[in-house]
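Only one structure is covered here, and it is reproduced in the block below.
The values are calculated or read from the model by the stated rules, or taken from the named source; none is laboratory data. All values derive from a computational prediction rather than experimental measurement. As a convention, Cβ positions derive from the backbone with ideal geometry for all residues, glycine included, and neighbour counts pool all protein chains shown.
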Amino acid sequence: MERADEQRGERKGKATSGLGRPQVRVATGELIMSCSAAAYAFPLMMISCSAAESSRSRRPPRIGLPKPSTSTNYSSSSSSAAYKISGMVVDLARTIKETPGKLLDALVDQVFEFVDQPYLPSQSNFAPVEEISKPVGVTTVHGSIPHDFPEGVYIRIGSNPHHGAQKSAVSIFGKSNSIWVEGEGMIHALYFNKDHSSTDGSSWTTFYNNKYVTTDTFQLEKQRKKPVFLPATEGDPPAVLSAFLLNLMRFGVPNKNMSNTNVFEHAGKYYTAADSDVAPHQIHIPTLETIGTWDEIAESWNRPFTSHPKKAPGAGELVIIGFDAKNPYLVLGVISADGKKILHKVDLKFKRSILCHEIGVTQRLIRYEKEQYARIGVMPRYGDVDSVRWFEVKSCCAFHIINCYEEDDEVVVMACIAQDSIIPGPDLGRDKLGWFSRGLKKVSSSEENMEEGFLLARPYEWRLNMKTGQVKEKYIVAPDFAMDFPMINDNFIGVKNKFAYTQVVDSVASSVAGMVKYGGLAKVCLQERNVQFLEGIKQNGEYRKIEYHMFPESTLCTGASFVAKQGAADEDDGWLITFVHNEDTNVSEVYIVDAKKISSEAVAKIRLPCRVPYGFHGAYMPAS
């Protein structure tokens, strides 16, 4: 969702491409928020290029060299001459083909200088780490891993700039910058292997590994041993535009393919994705090696692929969306349960390009949000554009969906919303750190202050009556507690559920750093409205009951996931698992917290062999 144009009227003209992050931000560009809880993810808009073509490696065509003739009608000298002439023709053709690219590369090398963007001390754990790329044993565990915890691997993905830091490019055109979400995707994984020969079955072996997702653009920069893509997201308009165009002319895409936002499973295969990917990248879980892209789907989908696909309840089909700069602007698709074909594909007939980060599903229906004047669309899973039912709602910025389900005549939608979007940031010329700091500053429930706290999200509910068209909407938690990155027991996606879990924003640490930091976990009891107390603040009885697990001071988390207990009878019978980092000691750990007793001490704290930077989404993949 997004607020109306006049509220951000000075933002005009952003562009992106099918593979790159939403790019050119001339006079700052216009942030268009989201379908289905859209967008913590990326800026917006694109210029037209073939997504399918741009995802393939651009190699010159193979030209067969003629072999010297063995006929006795020709002397060896004439054969040699013929071979040399043919070789010269081939070399000339190759030279002609490669010259424009080399000239453009030389131009970039001479005109542009890559410089590192400095990190503030409070931003130190947003900085990248080195790739390990092989499992390392982990032996330090405070507490114990539960004996009934499932074997498997806990994975979290995030931004990890390959060449040491976020880059800016300085030139005669000015300065253009990359932003934190644009770092190359790095997977962090903790493996849980149970020793079944032990007498009590509670002996565990754990290993940690991290590895880059090897996209085509990552491989290109690795081969050249330097950054080659110019930052093209924010900065001086001439610099952003020139970077965008030079990237497009040199590589066919305006920005790098990151694959850094989410990890998911479908049909027994595991993928990483970002909103700009034409196809997710398949990962070999035991080694974290990148196998390749999901080509079976990419060929027929042929457009950007959402980073948040949703598995339809019962059917096992995967519902996806893809936004693009060229018409059709937003397309919805349904992938077969076996992952081999697209069963349904429909153009939703949007009038202009928007950023869609996530979609919600129920047992029968699909829910997404349309930008501009804030409305929510509901359609059957196999419906067409004429089957969409639109509901006008209050303007806001929806980041991530909690869940959607059908109840009587209503479709119930829950998501985390904020008043403004943290991506791409403030308007050109404004104090960037100051804007983020104000937006992440905690505001008490008694204050009416739109100058602060506008980036802090909290859970919200819409009830859409499919018969009357009536909308009921409200916050479901008090304004005193900001939270995002919601998760639920995946067995309840698309059906009515009792519990949701979120990461709780540490607004003080976030305001100081100018970047969001999460200092705890919350359990939202969706069907209870008991009065709760926390830090002396009484919650309104109209709000849902919340239980908290707050981390020690200076300890922050990312990538929290719910792990269901095998054979569990209750929805909340399981654990929350998350990567945490202590900024005072510079130690990273994985916490396992009992979801039924979320306020209790973590049952296990597993110390990791290296620092794990803050990142995006995580998932637990049980062993097959």
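Scan 233, 214 and give me the residue that is in contact with a His (Cβ under 9 Å, 6 or more places away or on another chain) and hydroxyl-bearing (Ser, Thr, Tyr).
Residue meeting the stated conditions: 214.
How many of the residues making up region 104-130 are within 30 Å of residue 188 (Cβ to Cβ) and not acidic (Asp, Glu)?
Residues that pass the stated criteria total 15.
Within region 147-161, how many residues turn out to be in a loop (DSSP other than H, G, I, E, B) and surrounded by 16 or more Cβ atoms within 10 Å (Cβ to Cβ)?
So the answer is 4.
Just checking, how many residues over region 109-129 are exposed (fewer than 13 other Cβ atoms within 10 Å of the Cβ) and in contact (Cβ under 8 Å) with a residue 60 or more places away in the chain?
Here the count works out to 1.
Could you tell me which residue of region 167-191 is farthest from residue 135 (Cα to Cα), considering only residues that are outside any strand (DSSP E or B) and in contact with a Pro (Cβ under 7 Å, 6 or more places away or on another chain)?
It comes out as 173.
Restricting the search to region 469-486, which residues are out of contact with any strand residue (DSSP E or B) (no Cβ under 6 Å at 6 or more places or on another chain) and surrounded by 22 or more Cβ atoms within 10 Å (Cβ to Cβ)?
The answer is 481, and nothing else.
Can you list residue pairs whose Cβ atoms sit under 7 Å apart, with the first residue in region 486-499 being closer than 24 Å to residue 518 by Cα and the second being of a type in the set (D, E, K, R) and part of a helix (DSSP H, G or I)? Count only pairs 6 or more apart in sequence or on different chains.
none
Inspect all residues belonging to region 192-212 and state whether any of them is touching a Cys at 6+ places or on another chain (Cβ under 9 Å) and either outside any helix (DSSP H, G or I) or among the hydrophobic types (A, V, I, L, M, F, W, C) (or both).
Yes; the residues of region 192-212 include at least one that is touching a Cys at 6+ places or on another chain (Cβ under 9 Å) and either outside any helix (DSSP H, G or I) or among the hydrophobic types (A, V, I, L, M, F, W, C) (or both).
For region 383-396, which residues satisfy the criterion of being over 26 Å from the mean Cα position of the chain (by Cα) and touching a residue at least 24 places away in the same chain (Cβ under 8 Å)?
383, 384, 385, 388, 389, 391, 392
Within region 278-296, restricting attention to residues that are of a type in the set (Val, Ile, Thr) and surrounded by 21 or more Cβ atoms within 10 Å (Cβ to Cβ), which residue is farthest from residue 334 (Cα to Cα)?
The residue in question is 290.
Considering only residues that are of a type in the set (Lys, Arg) and under 28 Å from residue 285 (Cβ atoms), which ones fall in region 250-266?
Within region 250-266, just 256 meets the criteria.
Residues that are at pLDDT below 75 and charged (D, E, K, R), at least 1 per element: which strands (runs of 3 or more DSSP E) completely within region 357-433 meet that?
365-370
List pairs: first in region 231-247 and farther than 20 Å from residue 217 by Cβ, second assigned to a helix (DSSP H, G or I) and among the β-branched types (Val, Ile, Thr), Cβ under 6 Å, 6+ apart or cross-chain?
What qualifies is 237/26.
Conditions first: (1) surrounded by 21 or more Cβ atoms within 10 Å (Cβ to Cβ); (2) closer than 28 Å to residue 152 by Cβ. Residue 246 passes all but one, so which condition is the exception?
(2)
Can you tell me how many residues in region 297-307 are surrounded by fewer than 19 Cβ atoms within 10 Å (Cβ to Cβ) and touching a strand residue (DSSP E or B) at 6+ places or on another chain (Cβ under 9 Å)?
Of the residues in that region, 1 qualify.
Residue 164 - would you say it is modelled with pLDDT of 65 or more, of a type outside the set (Asp, Glu), part of a loop (DSSP other than H, G, I, E, B) and closer than 22 Å to residue 219 by Cβ?
Spelling it out, residue 164 is indeed modelled with pLDDT of 65 or more, of a type outside the set (Asp, Glu), part of a loop (DSSP other than H, G, I, E, B) and closer than 22 Å to residue 219 by Cβ.
Given the residues 253, 228, which is the only one that is surrounded by fewer than 23 Cβ atoms within 10 Å (Cβ to Cβ), among the β-branched types (Val, Ile, Thr) and assigned to a loop (DSSP other than H, G, I, E, B)?
Going through 253, 228 in turn, the sole match is 228.
Could you check how many residues of region 484-505 are under 21 Å from the mean Cα position of the chain (by Cα) and farther than 20 Å from residue 460 by Cβ?
Number of matching residues: 2.
May I ask you to list the residues in region 487-503 that are within 16 Å of residue 615 (Cα to Cα) and surrounded by fewer than 24 Cβ atoms within 10 Å (Cβ to Cβ)?
Across region 487-503, the qualifying residue is only 487.
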